[in-house]
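Have a look at the structure below before the remarks.
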Amino acid sequence: KHHSIIIRSIGFFLLALAYGIHATTIQTPLIVFILQTCKTLGLLIIISSLLLEPILYKPSNSQNTPKQNSAFFPFSIATTVSSVLSAVLMLFVSFVYLRKFTKGSEKQLRPAFYAFLFLAISEFISFSFFLKNTPVVFWSKLLTDYGLVWITAHIFELIGLVILGTWVYGYIRFRLNV
């Protein structure tokens, strides 16, 4: 179990590193590709550590506890593929947290579900930016940097990061008290 927490911490560190650099750098294709790769790697590490950890079921008098289920270029193209992959992985992480807090007795994981759900929505909205060079004036104006879609994606990202940061702070504070 201890190794699972360390591995998950590495995944969260890679995710935080990707978001921290994303917030402070100019978006060049090479940097975006590296950040998407870092984000995807972090999400894969988080997913693998979550799936390796058993679900804590509510204690019952019967021996009928459920069994544990385990599931096992060019820069522009690579960035598009890794962006799609990171959105799907964030959605997958949110559903793994949903499963852990609905089927098990880990109600403290509810904020993590909502955080990754908001981050996944932000990533899915960000897909539209690959179409911003379209000849259709309406779409190109709507998808400009600092436009309505950009603001919406970043609001969802901010909500997800605030929820995740609050949850991590509470988790660390709780762990220090134990």
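Condition check for Ile163 on (1) of a type in the set (A, V, I, L, M); (2) open to solvent by 30 Å² or more (accessible area, probe 1.4 Å); (3) closer than 20 Å to Ile45 by Cα: one failure, at (3).
Every residue, every condition in (1) touching a Ser or Thr at 6+ places or on another chain (Cβ under 9 Å); (2) closer than 21 Å to Ser86 by Cα, yes or no:
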| site | (1), (2) |
| --- | --- |
| Leu98 | no, yes |
| Glu106 | no, no |
| Ala115 | yes, yes |
| Ser128 | no, yes |
| Val137 | no, no |
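Are any residues in the stretch 99-130 closer than 29 Å to Ile34 by Cα, open to solvent by less than 70 Å² (accessible area, probe 1.4 Å) and of a type in the set (A, V, I, L, M, F, W, C), and if so, which ones? Residues satisfying the conditions are Ala112, Phe113, Ala115, Phe116, Leu117, Phe118, Leu119, Ala120, Ile121, Ile125, Phe127, Phe129.
Residue-wise test of (1) under 16 Å from Ile46 (Cβ atoms); (2) not basic (Lys, Arg).
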{"residue": "Val96", "(1), (2)": "yes, yes"}
{"residue": "Arg99", "(1), (2)": "yes, no"}
{"residue": "Lys107", "(1), (2)": "no, no"}
{"residue": "Pro111", "(1), (2)": "yes, yes"}
{"residue": "Phe129", "(1), (2)": "no, yes"}
{"residue": "Val137", "(1), (2)": "no, yes"}
{"residue": "Asp145", "(1), (2)": "no, yes"}
{"residue": "Ile155", "(1), (2)": "no, yes"}
{"residue": "Ile159", "(1), (2)": "no, yes"}
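Residue pairs whose Cβ atoms lie under 9 Å apart, sitting 6 or more positions apart in sequence or on different chains, and linking a residue in the stretch 93-104 that is modelled with pLDDT of 85 or more to a partner that is of a type in the set (A, V, I, L, M) and in a loop (DSSP other than H, G, I, E, B), are Val96/Ala71; Arg99/Ile55; Lys100/Ile55; Lys100/Leu56; Lys103/Ile55.
The values are calculated or read from the model by the stated rules, or taken from the named source; none is laboratory data. Fair warning: this is a prediction, and the values are worked out from it, not measured in the lab. Every residue, glycine among them, receives a Cβ derived from its backbone with ideal geometry; neighbour counts consider all protein chains shown. Surface accessibility is based on the protein's heavy atoms, side chains included, excluding ligands, DNA and RNA. Shrake-Rupley method; radii C 1.70, N 1.55, O 1.52, S 1.80 Å.
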